[in-house]
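The values are calculated or read from the model by the stated rules, or taken from the named source; none is laboratory data. Keep in mind it's a predicted model, so treat the numbers as computed, not measured. For neighbour counting, all protein chains shown are included, and Cβ atoms are generated from backbone atoms with ideal geometry for every residue, glycine included.
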Amino acid sequence: MILVTGGAGFIGANFVLDWLKEQNEPIVNLDKLTYAGNLASLAVLADDPRHIFIQGDIADGELITSLLKQYQPRAIVHFAAESHVDRSIHGPEAFLQTNIIGTFQLLQAARQHYAALTGDAAARFRFLHVSTDEVYGSLAPDAPAFTEQHPYEPNSPYSASKAASDHLVRAWHHTYGLPVLTTNCSNNYGPFQFPEKLIPLMIHRAVNGEGLPVYGDGKNVRDWLYVGDHCAAIRRVLEKGILGETYNIGGRAEMRNIDVVHLLCDLLDEQKPKKQGGSYREQIQFVTDRPGHDRRYAIDSSRIDSELDWKPSQTFATGLRKTVQWYLDNESWVDNVTSGAYRQWTKLNYQARKDV
């Protein structure tokens, strides 16, 4: 059994679904169910005894300690985080509370849990911390991609809070001997992403006839990673990663934001043509850039490629096509999220399961 934090969020939910599709090892899924936590994403697991859902806060040290004692997981995979840069600019405190204090509480509970293990149980235990490439700061257009040795230079409250959590994980390994692994990934995209992020936001606004807001000149560059590939990489790191080490996970798909939006519009023109004719590109609107907007991120994932034999299975073209099709096929999921109806779904269905 493993404990997953934030398993009702975008990447966490995909990880839970992929994990239980690939194997029968149960998951204890701890999620606070903030705005981005959506149990509807895990609806197919509603009656699956391998999925044990607990609503709770990673900053609740007593809860974490009790869960570790009760379920005795062989690993903790830590996704739970506040993760949207714009939200961190307007309300940084929640990011410090969850990403820093929450990670600290998890590490403390994990340390206590690990100290009580012996033999094979101790040898197998892992704490895998999932982080972001944003901790490295911004790259110049012609600079080499981020390696695991790149200095940390976070530029937003979000990335600063994640950088702090990375440092805590490293410190708990070197000071207390906790068997940790850290991954830093590039921009994820795919099914079940909350429609505040670029790709699902553009799809949702496009098909609803709304403007497509692009920050600044649209030439900010990101490396894009299909979420299914990210989940596979995390499983590989959990299985074969060297304790105390960091692995960068990238999609080998650097793209300017404006080019991503253009590709989305072209796919929508093909897959859901506008009834009145014309292209979705006509809806693009350039808006004032956000403060501290990093110009470029790029991940060098050669280490995980060479040492752990992992490579992304999706190109950006194939992954984006699959993603657009998923959102078009699941408009009710998007409508529930954007309307807030998913909160009521979660309340009713989670309560019903607790009452059984």
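Checking the structure you have, find out if any residue of the range 208-218 is part of a helix (DSSP H, G or I), out of contact with any helix residue (DSSP H, G or I) (no Cβ under 6 Å at 6 or more places or on another chain) and either within 30 Å of His174 (Cβ to Cβ) or not β-branched (Val, Ile, Thr) (or both). No, the range 208-218 has no match at all. Scanning the range 270-291 for residues that are modelled with pLDDT of 95 or more, among the basic types (Lys, Arg) and in a loop (DSSP other than H, G, I, E, B) yields a single hit, Lys272.
Yes/no per residue for (1) under 18 Å from Asn184 (Cβ atoms); (2) at pLDDT 95 or above; (3) crowded, with 19+ Cβ neighbours inside 10 Å:
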| site | (1), (2), (3) |
| --- | --- |
| Asp57 | no, yes, yes |
| Gly61 | no, yes, no |
| Pro73 | no, yes, yes |
| Phe79 | yes, yes, yes |
| Ser88 | yes, no, yes |
| Ala94 | no, no, no |
| Gln97 | no, yes, no |
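Sub-6 Å Cβ pairs linking a first residue in the range 82-107 that is touching a residue at least 40 places away in the same chain (Cβ under 8 Å) and at negative phi to a second residue that is acidic (Asp, Glu) and surrounded by fewer than 18 Cβ atoms within 10 Å (Cβ to Cβ), at least 6 apart or interchain, are His84/Glu196, ordered by first then second residue. Please work out if Leu107 is more than 26 Å from Asp300 (Cα to Cα), at pLDDT 95 or above and assigned to a loop (DSSP other than H, G, I, E, B). The answer is no for Leu107. Which of the residues spanning the range 110-145 are part of a helix (DSSP H, G or I) and under 29 Å from Pro157 (Cβ atoms)? The answer is Ala110, Arg111, Asp133, Glu134, Val135, Tyr136.
Restricting Leu243, Leu238, Leu308, Leu225 to residues that are surrounded by fewer than 14 Cβ atoms within 10 Å (Cβ to Cβ), touching a residue at least 24 places away in the same chain (Cβ under 8 Å) and either under 30 Å from Phe127 (Cα atoms) or within 21 Å of the chain's Cα centre (by Cα) (or both) narrows the list to Leu243. Which of the residues belonging to the range 14-32 are assigned to a helix (DSSP H, G or I) and closer than 26 Å to Thr103 by Cβ? If the condition is that a residue be assigned to a helix (DSSP H, G or I) and closer than 26 Å to Thr103 by Cβ, then Asn14, Phe15, Val16, Leu17, Asp18, Trp19, Leu20 are the ones that fit. For residues in the range 163-196 being more than 20 Å from the chain's Cα centre (by Cα) and in a loop (DSSP other than H, G, I, E, B), which is farthest from Thr34 (Cα to Cα)? Ranking the candidates gives Gly177 first.
Yes/no per residue for (1) in contact with a helix residue (DSSP H, G or I) (Cβ under 6 Å, 6 or more places away or on another chain); (2) under 20 Å from Thr175 (Cα atoms):
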residue: Gly56; (1), (2): yes, no
residue: Tyr71; (1), (2): no, no
residue: Arg74; (1), (2): yes, no
residue: Phe79; (1), (2): yes, no
residue: Glu82; (1), (2): yes, no
residue: Arg87; (1), (2): no, no
residue: Ile101; (1), (2): no, yes
residue: Gln105; (1), (2): yes, yes
residue: Ala109; (1), (2): yes, yes
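Taking each residue of the range 33-44 that is within 14 Å of Phe79 (Cβ to Cβ) and in a loop (DSSP other than H, G, I, E, B) and looking for partners that are at pLDDT 90 or above and of a type in the set (Gly, Ala, Ser) with beta-carbon atoms closer than 7 Å, six or more apart or interchain, yields Leu33/Ala8; Ala36/Gly9; Gly37/Ala8; Gly37/Gly9; Asn38/Ala8. Scanning the range 135-152 for residues that are exposed (fewer than 14 other Cβ atoms within 10 Å of the Cβ) and free of Cβ contacts under 8 Å to residues at least 40 places away in the same chain, we see that the one that is nearest to Ala115 (Cα to Cα) is Gln149.
Residue-by-condition table, conditions (1) hydrophobic (A, V, I, L, M, F, W, C); (2) closer than 21 Å to Ile234 by Cα; (3) at pLDDT 95 or above:
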{"position": "Tyr152", "(1), (2), (3)": "no, no, yes"}
{"position": "Ala164", "(1), (2), (3)": "yes, yes, yes"}
{"position": "His167", "(1), (2), (3)": "no, yes, yes"}
{"position": "His174", "(1), (2), (3)": "no, no, yes"}
{"position": "Pro179", "(1), (2), (3)": "no, yes, yes"}
{"position": "Cys185", "(1), (2), (3)": "yes, yes, yes"}
{"position": "Asn188", "(1), (2), (3)": "no, yes, yes"}
{"position": "Pro191", "(1), (2), (3)": "no, yes, yes"}
{"position": "Gly216", "(1), (2), (3)": "no, no, no"}
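In summary, Ala121 fulfils each of the numbered conditions (1) exposed (fewer than 14 other Cβ atoms within 10 Å of the Cβ); (2) at positive phi with the single exception of condition (2).
Going through (1) in a helix (DSSP H, G or I); (2) within 19 Å of Leu63 (Cβ to Cβ) one by one, Ala160 falls short only on (2).
The residues of the range 151-174 that are closer than 22 Å to Arg290 by Cβ and of a type in the set (Asp, Glu) amount to a single one, Glu153.
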